[in-house]
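The values are calculated or read from the model by the stated rules, or taken from the named source; none is laboratory data. Keep in mind that this is a model prediction, so the values were computed, not measured. Methodologically, a virtual Cβ is constructed for each residue, glycine included, from the backbone with ideal geometry; neighbour enumeration extends over all protein chains shown.
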Ligand SMILES: [Zn+2]
């Protein structure tokens, strides 16, 4: 009988506020940890804390760091295909990352193979290998969180493009000609209309803000908007309905661009899936041009863990 354990991997998901970390074996998280991102200070200062947390995580999982077969880092930026160098970071977050010599410098420090991947692409890799898109040949994912992350797998091949930009910039497709300038440089991006980072500006500029429950909420995010809307708050309902319309329209564009059989919706906003999912499904059924039938519209199954599990799936020995 073969008693060799399946290979284990360290995975890391560098979000703007939290860096998540996990030990993954056979598509399961054996242990996990989180550290504050302090993204404004850069990625360099976070790497020491990250490596310490990785060691703790391994101890908790009962795995020696020497047994780990690879370290995967999901990063919120544009990653060069092939070299997996970080080409670009979100404005004001991990600004130093392109100058840190990743992934080679981290591989040297850890004495491990290191893979880097855009975080939205990592999330779809996870859902495709283990979650809502499992068993499909072509899938797209839209992650609704601080921004809008997108990713596509076409005929079983992750879409990357010549410079790593294909598929992952759906949140920066123009959704409003002449709209607000986005930190990415474009005007009227979907993210400028309906993302957690853009929400406070829209809410505070809206008529009726001072008399809305949102004026008194501590954290002005979509959880607050969905809650206030469910209580009948007029402004919250307007913001909620507009956001759902933007997300649904963006999803139709993704379907038109990438021809998936399955679309997966993830991110923190999907905690309100009972409201969001049926409306997006209805919009897609009415407006997507798919003469072959209807793409399946599914909620993500892996939640916060999608990118962690996805990074581990990228190592050839993970199969
Ligand atoms: Zn943009």
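The figures follow:
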quantity: Counted residues, segment 194-237 - those being in a helix (DSSP H, G or I) and over 24 Å from residue 248 (Cβ atoms); calculated: 4
quantity: Test: residue in segment 47-60 that is under 23 Å from residue 191 (Cβ atoms) and in contact with a helix residue (DSSP H, G or I) (Cβ under 7 Å, 6 or more places away or on another chain); calculated: no
quantity: Selection from segment 185-194 of residues that are within 20 Å of residue 88 (Cα to Cα) and either more than 9 Å from the ligand (Cβ to nearest atom) or in contact with a strand residue (DSSP E or B) (Cβ under 9 Å, 6 or more places away or on another chain) (or both); calculated: 186, 187, 189, 190, 191, 192
quantity: Segment 9-20 - residue that is touching a helix residue (DSSP H, G or I) at 6+ places or on another chain (Cβ under 7 Å) and more than 17 Å from residue 107 (Cβ to Cβ) and, of those, surrounded by the fewest Cβ atoms within 10 Å (Cβ to Cβ); calculated: 16
quantity: Residue ranges of strands (runs of 3 or more DSSP E) in segment 86-147 with at least 2 members under 23 Å from residue 261 (Cβ atoms); calculated: 114-118, 139-144
quantity: Considering residues of segment 151-172 that are under 30 Å from residue 223 (Cβ atoms) and touching a strand residue (DSSP E or B) at 6+ places or on another chain (Cβ under 6 Å) only, the residue farthest from the ligand (Cβ to nearest atom); calculated: 153
quantity: Unmet requirement for residue 287, which otherwise passes all of (1) out of contact with any helix residue (DSSP H, G or I) (no Cβ under 9 Å at 6 or more places or on another chain); (2) surrounded by fewer than 15 Cβ atoms within 10 Å (Cβ to Cβ); calculated: (1)
quantity: Boolean, residue 247 is within 29 Å of residue 305 (Cα to Cα), modelled with pLDDT under 95 and either part of a loop (DSSP other than H, G, I, E, B) or within 16 Å of the ligand (Cβ to nearest atom) (or both); calculated: no
quantity: Candidates 299, 288 - the one that is within 26 Å of residue 167 (Cβ to Cβ) and over 21 Å from the mean Cα position of the chain (by Cα); calculated: 288
quantity: Qualifying positions in segment 151-193 - part of a loop (DSSP other than H, G, I, E, B), touching a residue at least 12 places away in the same chain (Cβ under 8 Å) and more than 18 Å from residue 80 (Cβ to Cβ); calculated: 155, 156, 173, 175, 176, 179, 180, 183, 186, 188
quantity: Scope segment 36-47; condition within 19 Å of residue 304 (Cβ to Cβ) and buried (at least 18 other Cβ atoms within 10 Å of the Cβ); matching residues; calculated: 37, 39, 46
quantity: Odd one out for residue 37 among (1) modelled with pLDDT of 90 or more; (2) over 20 Å from residue 149 (Cβ atoms); calculated: (2)
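Matching residues to (1) more than 16 Å from the ligand (Cβ to nearest atom); (2) farther than 30 Å from residue 203 by Cα; (3) surrounded by 24 or more Cβ atoms within 10 Å (Cβ to Cβ):
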residue	(1), (2), (3)
85	yes, yes, no
96	yes, yes, no
102	yes, yes, no
120	no, no, yes
139	yes, yes, yes
149	no, no, yes
174	no, no, no
182	no, no, no
